[in-house]
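Below is one structure; the comments refer to it alone.
The values are calculated or read from the model by the stated rules, or taken from the named source; none is laboratory data. Remember, predicted model here, so these are calculated numbers, not experimental data. Every residue, glycine among them, receives a Cβ derived from its backbone with ideal geometry; neighbour counts consider all protein chains shown. The area values use the complete protein model at the heavy-atom level, side chains included, leaving out ligands, DNA and RNA. Shrake-Rupley method; radii C 1.70, N 1.55, O 1.52, S 1.80 Å.
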Amino acid sequence: MRGRFAPSPTGELHLGNLRTALVAWLAARAVGGGFIVRMEDLDPVTSSPAHAARQLADLAAIGVDHDGEVVFQSTRFDLYRDAIARLDAAGLVYRCYCTRREIREAAAAPHGDALADGAYPGTCRDLPEARRAEFERDGRRSALRLRTAGEHYTVVDRIAGAYTGTVDDVVLQRADGVPAYNIAVVVDDHLQGVTQVVRGDDLLSSTPRQVHLHHLLGFTVPEYAHVPLVLAADGTRLAKRHGAVTLDRLAELGVTPGQVVARLGASLGLCSADERVAAADLLSRFDFHRLTRQPWQPTLT
Ligand code: GLU
C-alpha cells in the first residue's frame with residue numbers, strides 16, 4: 001500500500017490542498033502504508049522551485065511526512081515519452097493541429113453524440129494526408145492525442161462512490177512538446193508503486209481517462225479517493241484570492257499550523273476544532289466512512 005500527494009508547484013498550498021494532503025497521508029499511514037510526494041512541475045512557465053520548496057515546508061509544518069526523495073516531473077520527460085511511444089507503436093496516437101479556438105468551435109457545432117464537457121470532437125483523428133501535409137507546410141505545431149473509441153469506465157471511488165465516464169482523445173503531448181498531465185500522472189503512479197490516489201474531486205472526471213491509460217499500458221489501476229471541495233465564504237471554490245487560506249497568511253493572523261491541523265481534522269470528523277492535536281494523533285481515528293461528501297466551508301479566523 002502506497003499513497004501520494006502530487007501538487008503542482010504553481011503557488012502556495014491553500015486549505016483545500018492541505019486538507020487533501022492530510023487525507024492522503026492519513027489514509028496511507030493509518031494502515032502502515034508508504035507515502036510519497038511528487039512535484040507536478042510539467043509546465044515550466046507556471047511552476048517554480050520556490051513554490052515547490054514552500055509547499056514542502058508547509059506539508060512538513062502540518063506533520064505530513066513522506067518517504068524518500070521528492071520526485072520532480074520536469075526531470076522525467078523521457079519516461080513519459082517512452083510511454084507515448086508505446087501507445088504510438090500500438091497505433092493509438094495521432095497528431096492534432098487544432099488550435100484551442102478551432103476545438104471550441106468544432107465542439108460547439110451540432111453532434112450526433114453528446115460530447116463530455118471539454119472533450120475533443122475528433123477533428124484531426126482521421127485527417128486526410130493532404131491536409132496533414134498542408135498543416136506541416138504551414139508550420140503549424142501539433143499536439144499528440146490518444147485515439148479512443150468511446151470506451152467508458154466506472155470507477156468505484158472510496159469517497160465519491162461509483163463514477164462512470166467516457167474517455168476522449170486526451171492530449172498526451174502538448175504542441176510545445178511538453179508531456180501532458182494525464183500521461184505523466186499515470187506513468188508516475190505506476191513507476192512509483194502508488195496503489196492509492198487521494199486527490200481533489202476536480203480530478204474525478206479525469207479518472208476514467210487515467211484508468212484507460214493504465215489499462216492500455218498494462219499497469220495495475222490504483223484505488224481512487226476524491227476529496228470534496230473546500231468552499232470559500234462566497235460559496236465558490238476556495239482559491240488564494242480568498243485571502244487567509246495559506247499557512248503564511250494564517251500565521252500572520254495568529255493561527256498556528258497546529259490549529260490548522262485541528263480545524264482540518266474537525267472538517268473531516270476526526271476531532272474538534274479546538275482540540276490540541278497533531279496529524280499523527282488523527283491516524284487511529286481515520287476512516288474513509290467518516291468523511292463527508294459535502295463541500296467544506298471553513299471559518300478559520
Ligand atoms: N498536480 C495536480 C494538481 O495539483 C494533482 C494531480 C493528481 O493528484 O493526480 O491539481
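As a length-normalised measure over Cα pairs under 8 Å and 6 or more apart, the relative contact order of the stretch 23-125 settles at 24 percent.
Along each principal axis, taking the top coordinate minus the bottom one, the Cα set of the chain gives 68, 38, 36 Å in descending order. Using the Stokes-Einstein relation with a Kirkwood hydrodynamic radius computed over Cα pairs, the translational diffusion coefficient of the stretch 126-225 at 20 °C and a viscosity of 1.002 mPa s comes to 143 µm²/s. Considering helices alone, the calculated mean residue ellipticity of the chain at 222 nm is -9500 deg cm²/dmol, with DSSP H runs of length four and up weighted by -39500 (n - 2.57) and normalised per residue.
Loop-located GluC sites (Glu not before Pro) in the stretch 53-156 (DSSP state other than H, G, I, E, B) with a sparse environment of at most 12 neighbouring Cβ atoms within 10 Å: 69.
Taking the protein heavy atoms of the stretch 166-253 in the context of the full set of protein chains, the accessible area attributed to carbon and sulfur is 53 percent at 1.4 Å.
Here the Karplus curve 6.51 cos²θ - 1.76 cosθ + 1.60, taken at θ = phi - 60°, turns the phi angles of the stretch 66-75 into couplings of 8, 8, x, 6, 6, 8, 10, 5, 4, 9 Hz, with x standing for Gly and Pro.
The distance separating the Cα centre of the stretch 54-69 from that of the stretch 253-301 comes to 17 Å. Remark: relative contact order (the stretch 178-301) = 22 percent; criterion is Cα-Cα distance under 8 angstrom and separation of 6 or more residues.
Pairs of Cα atoms nearer than 8 Å and 6+ residues apart set the relative contact order; for the stretch 177-232 it is 44 percent.
Considering only beta bridges that DSSP places wholly inside the chain, some 50 percent are antiparallel.
Taking the C-alpha atoms only, the angle from helix 49-61 to the longest principal axis of the chain is near 40 degrees. Other residues within the sphere of radius under 10 Å centred on the Cβ of residue 265, judged by their own Cβ, net out at +1 (K and R +1, D and E -1). Helix 77-89 axis versus longest C-alpha principal axis of the chain: approximately 40°, rounded to the nearest ten.
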